[in-house]
Every structure is written in C-alpha cells, then in structure tokens.
Amino acid sequence: MANKRVLVTGGAGFIGSALCRHLVAEGRYEVLNLDKLTYAADLASLAGAAGSTRYGLEIADICNGTRLREIFAEFRPGWVFHLAAETHVDRSIDGPEAFLETNVVGTQRLLTAALDYWRGLESAARTAFRFVHVSTDEVYGTLGPTGVFTEESPYRPNSPYAASKAAADHLARAWHSTYGLPVVISNCSNNYGPYQFPEKLIPHMIIRAVDGRTLPVYGQGLNVRDWLFVGDHVTALIAVAERGRIGEKYNIGGHGERRNIDVVRSICRHLDRLRPLSQGHYADSIAFVDDRPGHDLRYAIDPTKTERELGWQRSGDFEIGLAETVAWYLDNEAWWRAKLAAGYQADRLGSALTP
C-alpha cells in the first residue's frame, strides 16, 4: 500500500477535495487531482493538500479522451476514484445537456481510457488496479413513507441529473461485465460538510440566513433525505477501494433521515445559538415556495452491506455534524462571500418545466 498512486477525477469539488485532503494527509498515497475547474470547483478547498509533494493537479476535461490516455500513461495510477460530475438537480432541470455531456459521455471516455491503460499493465498491477465509480442514491428514484434503498433496488431516476448518473452507473457496470475492467460502484446519500458549494440545501440556508434573506423551502418541506457527513463518505470510499469486491456495488448512507423542513429548522437553531439576532429567530424567515418539478419524496439508504463487508461505520450523528458544519460556514464567511462576489446569487434554480 505504500505510495499507491491515486487518480481522483473532480478532486476540486466538494467530495473530491475532501477525498484528496484525506489521502494526502494519510501519507501513503500520491494523489493526482484531475478537474476541469467548473463553477463548483474550488482550489481553496485543497489548501491542506496542495503544498504536499504527494499531491498534483491536472486541469483537464474527462470528455477529452486523448488527454485522458496521456494522463494515465504519465501518472500510472493504481486506483481511480471517479467523482467528476455535474451534480445539482435544479441546474439539471434548467440545462440537462451539460449533465449528459459530463456525466454520460465523460464517464464513457474515462472508462475507455482506464481500460486501455489497465490492459497494458503487468500482471500484479492489473490485479491490484481498481476503478471506483462514485454515484448517488437518486438513481433509485423515490421511496414512499417506508422502506430503504438496497444494492438490489431497481433504477427509477426522476430528474435529468439522476438519469445521467444512472446511465453512468450502467456504463461502469458494462465496462466490467464486457471488458473485465475491475470496477466497484458506490451509491451515497446526501452529503454535507465544509466547503460545499452554496447551491446545496444546507449551505444555501446558512448563507441566506446570515444575509437576512428568506429561507425558501420547497412545498411543505416534507421531502426526506438521508444525510451523510462528507468525511464519513471519504472513509467509506477508501474502504470500497481497499476491500470492495470487483463488480459489486455498495450503498453508503449516514442513518440520517430528516425532512427538509426539520433540517432547516435545525440550522436555524444552531444559528440562534452561535450568532443570535438582535430580535426574533432565524426560523421566522422560513418561507414555503412552489415545489421542485419531479421532486422525489424520500430517500433512505441501507448501508448494511458496506458496514458488514467492509467494516465501515459513520463517525457520528447528523446533529453533531450539522452543528460543526454551521460553525464552519460562520467561521469561514470569506470563503462563501467570494462565491457571491464571483456571481453566485443564492437564488432559486430549476423552476423551468421544459429543458
């Protein structure tokens, strides 16, 4: 395991940067971050890794097959973690084409480049190589009031984003089944934590609350999500690469089911404690708005297979992680203020009914 070379696509994104920081900090990996540096990428999130001789950055597009083959030949990774993707459901409603290009076409080109590289490895390196395809629970569609997603749940994506990730999952599976590429697939629940781009629910609500704006909640806020702290996701991904069975998929969840309205109210309570208003409470600014088109009612992940087979466990409970996350955004206001200054408005996206 010493000095294993790891290629992380999308390593300047929220989850990818957390993975890069963790791998570099462990001291037994050489990490190459391959990122196109789109709007959601942030090199500041890699400050903890960027100064290390074990970390490198390659600015490239996963849709560029020629450059991908060059990168594989130059860096010669032992593991690949594929996280590069367009991820925001609301943006996929307004502009699905970018999601198809990156999430589907880009995944196919990355798989093809990885396959060409893997076929040229010597026997021991071929056996040790892993391609970890990182996906989402949204590919499974929606649940009713009861039940959970397992690795055997059928795919029923309801948003353009979910459909593009479902297609990518199927491609990853096919490259293993057809060509033998040693692929392992993971499907995670909603991530949260430091450095998350503020279009996602938790940071979105924090920064709007701090700015004294309304806190818009879709519908009546009854949609349920299973929340997973990003640091726990990172340790699960490493376990998948180290101990996951080739050709299998592993669901990664945080046992953190919450209704959206309850998450927002919890954020408000933490803000009341950490940065109280001169009068009133942050929850007074909650406003219900028209629901998102095709909004899935409920997600819930059963991570039993991951816990049992890989020996992975989450580190703590959702409320503890949420308190830490709210405190981080308050302590790092300059980070998200820079996003606003660069043009992000923290306004609603995804209300269009047609692409």
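Could you list all residues from the stretch 325-344 that are charged (D, E, K, R) and either on the phi > 0 side of the Ramachandran plot or in contact (Cβ under 8 Å) with a residue 40 or more places away in the chain (or both)? Reasoning before the result, please.
Let us first name the residues in the stretch 325-344 that are charged (D, E, K, R), namely 331, 333, 337, 339.
Residues satisfying the conditions are 333, 339.
Could you tell me which of the residues 109, 91 is touching a Leu at 6+ places or on another chain (Cβ under 7 Å) and at pLDDT below 95? Walk me through how you get there before you give the answer.
Values: 109 fails: at pLDDT below 95.
Exactly one of 109, 91 is touching a Leu at 6+ places or on another chain (Cβ under 7 Å) and at pLDDT below 95, namely 91.
Identify all residues within the stretch 1-60 that are among the small types (Gly, Ala, Ser) and outside any helix (DSSP H, G or I); write none if there are none.
If the condition is that a residue be among the small types (Gly, Ala, Ser) and outside any helix (DSSP H, G or I), then 2, 10, 11, 12, 13, 27, 40, 41, 51, 52, 56, 60 are the ones that fit.
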(message) Need pairs with beta-carbon distance below 9 Å; first residue within 15 Å of residue 38 (Cα to Cα) and free of Cβ contacts under 8 Å to residues at least 24 places away in the same chain and within the stretch 81-98, second outside any helix (DSSP H, G or I) and of a type in the set (Gly, Ala, Ser); sequence gap 6+ or separate chains.
(response) none
(message) Considering only residues that are under 26 Å from the mean Cα position of the chain (by Cα) and either assigned to a helix (DSSP H, G or I) or free of Cβ contacts under 8 Å to residues at least 24 places away in the same chain (or both), which ones fall in the stretch 270-310?
(response) 270, 271, 304, 305, 306, 307, 308, 309, 310
(message) If a residue must be closer than 27 Å to residue 63 by Cβ and either touching a Ser or Thr at 6+ places or on another chain (Cβ under 7 Å) or aromatic (Phe, Trp, Tyr) (or both), how many such residues does the stretch 139-161 contain?
(response) 6
(message) Six or more apart or on different chains, Cβ atoms under 7 Å: show the pairs whose first residue is in the stretch 236-256 and closer than 15 Å to residue 136 by Cβ and whose second is among the basic types (Lys, Arg) and surrounded by 15 or more Cβ atoms within 10 Å (Cβ to Cβ).
(response) 250/305; 251/305; 254/314
(request) Output the number of the condition that residue 280 fails; it satisfies all remaining conditions of (1) surrounded by 15 or more Cβ atoms within 10 Å (Cβ to Cβ); (2) farther than 16 Å from residue 235 by Cβ. (result) (1)
(request) Take residue 40 and decide whether it is modelled with pLDDT under 95 and more than 15 Å from the chain's Cα centre (by Cα). (result) no
(message) For residue 136, only one of the following conditions fails: (1) touching a residue at least 60 places away in the same chain (Cβ under 8 Å); (2) β-branched (Val, Ile, Thr); (3) buried (at least 20 other Cβ atoms within 10 Å of the Cβ); (4) closer than 30 Å to residue 338 by Cβ. What is its number?
(response) (1)
(message) Looking at the stretch 112-127, I want the residues that are of a type in the set (A, V, I, L, M) and have a partner that is in a helix (DSSP H, G or I) with Cβ atoms under 7 Å, at least 6 apart or on another chain. Which pairs are those?
(response) 113/65; 113/68; 113/69; 113/72; 114/72; 115/175; 115/179
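Only one of 293, 303 is farther than 17 Å from residue 202 by Cα, touching a Ser or Thr at 6+ places or on another chain (Cβ under 8 Å) and surrounded by 13 or more Cβ atoms within 10 Å (Cβ to Cβ); which? Before you say what the answer is, go through the steps one by one.
Details: 303 fails: touching a Ser or Thr at 6+ places or on another chain (Cβ under 8 Å).
Exactly one of 293, 303 is farther than 17 Å from residue 202 by Cα, touching a Ser or Thr at 6+ places or on another chain (Cβ under 8 Å) and surrounded by 13 or more Cβ atoms within 10 Å (Cβ to Cβ), namely 293.
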(request) Residue by residue through the stretch 1-38, note down the ones that are touching a strand residue (DSSP E or B) at 6+ places or on another chain (Cβ under 9 Å), surrounded by fewer than 24 Cβ atoms within 10 Å (Cβ to Cβ) and of a type in the set (S, T, N, Q). (result) 3
(request) For the stretch 211-231, indicate whether the set of residues that are under 28 Å from residue 27 (Cα atoms) and either part of a helix (DSSP H, G or I) or small (Gly, Ala, Ser) (or both) is non-empty. (result) yes
(request) Look at residue 147 and say whether it is among the small types (Gly, Ala, Ser), under 27 Å from residue 304 (Cα atoms) and in contact with a Lys or Arg (Cβ under 6 Å, 6 or more places away or on another chain). (result) no
(message) Residue pairs, Cβ under 9 Å, 6 or more apart or interchain, first in the stretch 31-60 and over 24 Å from residue 4 (Cα atoms), second at pLDDT 95 or above and of a type in the set (Val, Ile, Thr). List them.
(response) 37/59; 38/102
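The values are calculated or read from the model by the stated rules, or taken from the named source; none is laboratory data. It should be emphasised that the depicted structure is a prediction, and the values quoted were computed from it without experimental measurement. A quick note on method: Cβ atoms are made from the backbone with ideal geometry, for glycine too, and the neighbour counts reach across all protein chains shown.
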